[in-house]
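Data first, discussion second: the structure below is written as structure tokens.
The values are calculated or read from the model by the stated rules, or taken from the named source; none is laboratory data. In this text, all values refer to a predicted model and were calculated from it rather than measured experimentally. A quick note on method: Cβ atoms are made from the backbone with ideal geometry, for glycine too, and the neighbour counts reach across all protein chains shown. Only protein heavy atoms, including side chains, enter the accessible area calculation; ligands, DNA and RNA are left aside. Shrake-Rupley method; radii C 1.70, N 1.55, O 1.52, S 1.80 Å.
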Amino acid sequence: MEHHDKVVILDFGSQYTQLIARRVREAGVYSEIVPCTIPLDELKAHDPKAVILSGGPASVLEDDSPGVDDGVFALGVPVLGICYGMQIMAHHLCGRITQATDREYGRADLDVVDPGLLLDGLRTDEGHKVWMSHGDHVEAAPEGFKVLAKTGSLDVAAMSDPARKLYALQFHPEVAHTDDGEIILRNFLFKIAQVKPGWTMASFVDHTTAELREAVGDAGVVCGLSGGIDSTVVALLLHKAIGKQLTCIFVDNGLLRHQEREEVIGYLDEHFDLNLVVVDARERFLSKLTGVSDPEEKRRIIGYTFIDVFEEEANKLDGVKYLAQGTLYPDVIESVSFKGGPSAVIKSHHNVGGLPEKMNLDLVEPLRELFKDEVRKVAVELGLPDYIIWRHPFPGPGLAIRIIGEISPERLEVLRQSDRIVQQELRASGWYQKVWQGFAVLLPLKTVGVMGDDRTYESVVALRVVDSLDAMTADWTRLPPDLVARISNRIINEVRGVNRVVLDVSSKPPSTIEWE
Ligand code: XMP
């Protein structure tokens, strides 16, 4: 897609590469990540206004370490090397690299000796902390380079050769632990590369709707609405672009949370003039799940039943050529594997079980350039209310993977009512927006309790609330004890069939967020 000025990030395999791209975008500049193995011609075809070389786990001194075309350093546009990116720059330009015995990991004090444009404006009155994560380091900068900063253990922590437009940092300006990292990146983008910021979500909506209109022509598009933010935004973007040529299909699989269908679908139906097909497939899903308790089997059944239902409904529509999906940028980025030398691998897209091929439809993926936080900004742009934008993630298999053991309408109702209380209390206490996810899980065991004068023998519900940035790792949220007590009391008093609530205090890893 065509944007204003673009910055290209060459990925050498750092865990922070995506973070660099996000920081650049937060500064209002469009950025893309490409593998470091990209041929020079292809890189030039991107027409980058600046190039950033990411960090990476390898050592430039090893034979099979990932390299880069020499031409990158003579592109004529500013290049910023970060960590491994700095080492590779120094290595190509005949600086001296020292191989480390130990990695330096964590905070270091930066001593700015000559800020130049790159380190201009850093607040140094109380020292300047930067985040290091490296093995090798540059012992002597290549000829023509000036040293901009040192640390106690590094003679070259930042360097530049303005004549050749080359800049480098041994530390990571993209991580939050580096003081003023944002200023350094902005210096590079705006003072050095003089990039013009043009990446806003309003401009994204404008150019994406125009492109969708052109790409789709007068064909029909079908889109599965799950109620999640991604599919909702996909639907609204397409609706804005092609109006009634879009048909949205919402499959009620009977595994949704309390009032979910009403909340999201009701809202869309009321506020947008969408072609919306709501399929009540509750019976169909539940009958197939009867007697099934294996988590993978549940997932499989729900997956293929969804495909069958969706396909049947889509086949009733005329003139459909495209299937719209909410694929995001992290699913698209080509990542680089260094095992046995660089090789580009593309992460598999989570498209719905091969549905596009099966139905012979082409894919439309209007969010494939966006990070999750940008999708939320687009949602704001499209006028969605906060309670939809900030809904917690909800797994495709729904409540089925939060009922441990067999699923029945009765057990679903117990979980749905328990979860309703969790959601209400999290929202009422202001904790809903602070946590990544919070929900109830119904356990497959009964315990003894006492209510009034009677002995009870009823189910146990677990409370699972976690903090996370991306669901890859998570920690259990330290909710105030009063809030936990209120949730527990309400569930036990209000939900028939539950006499005990337990709190899940496991992190991910080694546990997962969901219980199945
Ligand atoms: P886990 O349990 O793997 O979950 O730590 C990580 C995140 O993914 C969500 N999740 C799913 N989402 N289909 C989905 O669409 C699934 O089968 C699925 N399983 C887990 C989970 O809610 C959490 O946010």
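The table that follows gives values for the structure above.
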read-out: Enumeration of residues in segment 307-348 that are open to solvent by 20 Å² or more (accessible area, probe 1.4 Å), hydroxyl-bearing (S, T, Y) and modelled with pLDDT under 90; value: S335, S337, S343, S348
read-out: Of residues in segment 435-444 being open to solvent by less than 80 Å² (accessible area, probe 1.4 Å) and in a strand (DSSP E or B), the one nearest to the ligand (Cβ to nearest atom); value: Q437
read-out: Filter pass, L122 being at pLDDT 95 or above and open to solvent by less than 50 Å² (accessible area, probe 1.4 Å); value: no
read-out: E42 vs. criteria open to solvent by 40 Å² or more (accessible area, probe 1.4 Å) and under 16 Å from Y84 (Cα atoms); value: no
read-out: Close pairs (8 angstrom Cβ cut-off, 6 or more residues apart or separate chains): of a type in the set (V, I, T) in segment 489-516, open to solvent by 50 Å² or more (accessible area, probe 1.4 Å) and away from the ligand (no atom under 16 Å from the Cβ) anywhere; value: I492/R500
read-out: Count - residues of segment 409-425 that are out of contact with any Asp or Glu (no Cβ under 8 Å at 6 or more places or on another chain) and more than 15 Å from the ligand (Cβ to nearest atom); value: 11
read-out: Residues (more than 16 Å from the ligand (Cβ to nearest atom), part of a loop (DSSP other than H, G, I, E, B), in contact with a helix residue (DSSP H, G or I) (Cβ under 6 Å, 6 or more places away or on another chain) and at negative phi) located in segment 475-516; value: V495
read-out: Scan of segment 369-406 for residues that are within 21 Å of E283 (Cβ to Cβ), within 15 Å of the ligand (Cβ to nearest atom) and over 19 Å from the mean Cα position of the chain (by Cα), ordered by number; value: P397, G398, L399, A400, I401, R402, I403
read-out: Selection count, segment 162-183, where residues are within 17 Å of K146 (Cα to Cα) and touching a Pro at 6+ places or on another chain (Cβ under 6 Å); value: 1
read-out: Selection status of Y432, among the aromatic types (F, W, Y), within 16 Å of the ligand (Cβ to nearest atom) and at pLDDT 95 or above; value: yes
read-out: Wholly enclosed strands (runs of 3 or more DSSP E) of segment 180-294 bearing at least 3 residues open to solvent by less than 10 Å² (accessible area, probe 1.4 Å); value: 220-224, 246-252
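This table checks each residue for (1) among the β-branched types (V, I, T); (2) touching a helix residue (DSSP H, G or I) at 6+ places or on another chain (Cβ under 8 Å); (3) surrounded by 23 or more Cβ atoms within 10 Å (Cβ to Cβ); (4) assigned to a loop (DSSP other than H, G, I, E, B).
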site	(1), (2), (3), (4)
G127	no, no, no, yes
V138	yes, yes, yes, no
S160	no, no, yes, no
Y167	no, yes, yes, no
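To keep it simple, each residue is scored yes or no on (1) touching a Ser or Thr at 6+ places or on another chain (Cβ under 6 Å); (2) closer than 21 Å to S133 by Cα.
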residue: D11; (1), (2): yes, yes
residue: Q15; (1), (2): no, yes
residue: A21; (1), (2): yes, yes
residue: G76; (1), (2): no, no
residue: V79; (1), (2): no, yes
residue: H91; (1), (2): no, yes
residue: I97; (1), (2): no, yes
residue: P115; (1), (2): no, no
